[in-house]
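A short worksheet on the structure shown next.
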Amino acid sequence: ADLTLQSTDSTALSQPSTADLIMLIEDGVGTATLNTDVKAFISRDSGSNFTQGTLVDEGTWGSSAKRIVAFHNLDISGQPSGTDICYKITTHNQSGSKETRIHATSYGWK
């Protein structure tokens, strides 16, 4: 089934204007289309507002079904002021013919 994963907040020392996110995904069944079947977002106000990043494939880990995907320098300056940073990952179109697994996520900001 489709899912939504949201991190707990991390507190930035100052209000960030850009963010990066890297994650390891695995195509368990079928192949996920980035930004359609898997989406990722960053918030600087504890999840009240999110900005979607454009995920790109940055290579594989372990096998061709395991991919490193990321976005870098996502502009979050248009969000309301805040320093409580979190990410959200959503999957879509999951079924018996498509199963996407999220293995690890890392994010940062400046």
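The values are calculated or read from the model by the stated rules, or taken from the named source; none is laboratory data. Because the structure is predicted, anything quoted here is derived from the model rather than measured. Glycine gets a Cβ as well: all are built from the backbone with ideal geometry, and neighbour counts include every protein chain shown. Heavy atoms of the whole protein, side chains included, go into the accessibility calculation; ligands, DNA and RNA do not. Shrake-Rupley method; radii C 1.70, N 1.55, O 1.52, S 1.80 Å.
The table that follows gives values for the structure above.
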quantity	calculated
Residue that is most open to solvent (accessible area, probe 1.4 Å) [pool: residues in segment 99-110 that are within 27 Å of S46 (Cα to Cα) and of a type in the set (D, E, K, R)]	K110
Matching residues, segment 32-49, being more than 10 Å from the chain's Cα centre (by Cα) and assigned to a strand (DSSP E or B)	L34, S43, D45
Every residue from segment 18-31 that is in contact with a Lys or Arg (Cβ under 7 Å, 6 or more places away or on another chain) and either outside any strand (DSSP E or B) or under 30 Å from S81 (Cβ atoms) (or both)	T18, G30
Pairs where the first residue, in segment 31-54, is over 29 Å from A65 (Cα atoms) and the second is among the hydroxyl-bearing types (S, T, Y), C-beta under 7 Å, 6+ apart	R44/T83; N49/S43
Flag if E26 is among the acidic types (D, E) and open to solvent by 70 Å² or more (accessible area, probe 1.4 Å)	no
Filtered residue count, segment 68-98, keeping only those that are open to solvent by less than 50 Å² (accessible area, probe 1.4 Å), over 13 Å from the mean Cα position of the chain (by Cα) and not β-branched (V, I, T)	4
Residue in segment 71-83 that is closer than 18 Å to K98 by Cα and hydrophobic (A, V, I, L, M, F, W, C) present	no
Options Q15, Q52: the member that is more than 17 Å from A104 (Cβ to Cβ), open to solvent by 70 Å² or more (accessible area, probe 1.4 Å) and not in a loop (DSSP other than H, G, I, E, B)	Q52
Odd one out for D37 among (1) of a type outside the set (V, I, T); (2) open to solvent by 70 Å² or more (accessible area, probe 1.4 Å); (3) over 18 Å from S106 (Cα atoms)	(2)
